[in-house]
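The values are calculated or read from the model by the stated rules, or taken from the named source; none is laboratory data. Values in this document were obtained by computation on a predicted structure and should not be read as measured data. With ideal geometry, Cβ positions are generated from the backbone for all residues, glycine too; neighbour counts draw on all protein chains shown. Note: areas computed on protein heavy atoms with side chains; ligands, DNA, RNA excluded. Shrake-Rupley method; radii C 1.70, N 1.55, O 1.52, S 1.80 Å.
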Amino acid sequence: MFGFKKWRRKRLLNKPFPEDWLPILKTNVPYYKHLPGDLQKKLQGLTQIFIAEKQFEGCAGLELTNEIRVSIAAQASILLLGIDDLSYFYEDLRSVLVYPQKYVAKVKQRNNGFFVEEGFEQRHGEAWSHGYVILAWDEVQKGASDIHDGENLVFHEFAHQLDYEYGATEQIEHRATDSHFLSWARIVGDEYQKFLTSIQQNQQTLIDHYGATNLAEFFAVITELFFERPIDLKKKHPQLYQQLSKFYQQDPASYSKP
Ligand SMILES: [Zn+2]
């Protein structure tokens, strides 16, 4: 079965991109035009794999269209542009739930550590560990429109999805001693601590303060920067950039045309 999955993905990767999807890619995902030619081609293929394999569900009356599917699938696939082995493709992701705009979610909150209370909270998007990514369509569009502002909801939520599947931040929390994650855990962990100190000292940071929430949010926020402001990130945090570059097997700083 494993071999069959890879074979099917390979076929989709090389399949001509549907003609009516191309204008969506060009208009809704400006990052596409920013990519070198070979990666543009690869993104077309990965987008087709995503759409063939993952389920989309419209919520709160939102009717799903190809525009929505292609815009989300393509951005989520940008994170996977570095993969060569098609055996991995958001394996644990079952469904992408799309709301028309910021939605209200029922949440459980721990108050003072004593009791659990249910409340409601405004959300833009979130990734659940059990295989669902939830997005607000208006925020998806907003995030995609400016590819240099360092904010992209789809990158953020799919970074969480990757994190759940790979245990990227878990390795940092546990200060992995496994040689494969050794430098990742040490360097990203140290950068996180330095970032927290800068915030405590009221210093200006390139990394959004939301990243101070916890390591998982830090990883999601630096992923947004890595793809949208790679040159700034490389300049200010070269080691962090290098680790992300190894993680994603990509060098977005080289995508920028002079
Ligand atoms: Zn988050």
Checking the condition touching a Leu at 6+ places or on another chain (Cβ under 6 Å), open to solvent by less than 10 Å² (accessible area, probe 1.4 Å) and in a helix (DSSP H, G or I), which residue from LEU240, LEU233 passes? LEU233
Taking the stretch 149-168 and keeping only residues that are out of contact with any Ser or Thr (no Cβ under 6 Å at 6 or more places or on another chain) and within 11 Å of the ligand (Cβ to nearest atom), one is left with LEU153, HIS156, GLU157, PHE158, HIS160, GLN161
When the residues of the stretch 169-188 are narrowed to those that are touching a residue at least 24 places away in the same chain (Cβ under 8 Å) and not aliphatic (A, V, I, L, M), which ends up farthest from the ligand (Cβ to nearest atom)? SER183
Which number in (1) more than 16 Å from the ligand (Cβ to nearest atom); (2) part of a helix (DSSP H, G or I); (3) open to solvent by 10 Å² or more (accessible area, probe 1.4 Å) marks the one condition that TYR210 misses? (1)
Please enumerate the residues belonging to the stretch 1-26 that are under 22 Å from TYR255 (Cβ atoms) and touching a helix residue (DSSP H, G or I) at 6+ places or on another chain (Cβ under 9 Å). LEU13, PHE17, TRP21, LEU22, ILE24, LEU25, LYS26
Take VAL70 and decide whether it is within 16 Å of the ligand (Cβ to nearest atom) and either closer than 21 Å to GLU224 by Cα or modelled with pLDDT of 95 or more (or both). no
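Would you call SER77 polar (S, T, N, Q), surrounded by 18 or more Cβ atoms within 10 Å (Cβ to Cβ) and within 24 Å of ALA253 (Cβ to Cβ)?
yes
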Would you mind finding the one in LYS246, LYS235 that is more than 17 Å from GLY150 (Cα to Cα) and more than 16 Å from the ligand (Cβ to nearest atom)? LYS246
Hey, could you check the stretch 171-207 for residues that are open to solvent by less than 100 Å² (accessible area, probe 1.4 Å) and of a type in the set (Asp, Glu) and say which is modelled with the lowest pLDDT? ASP178
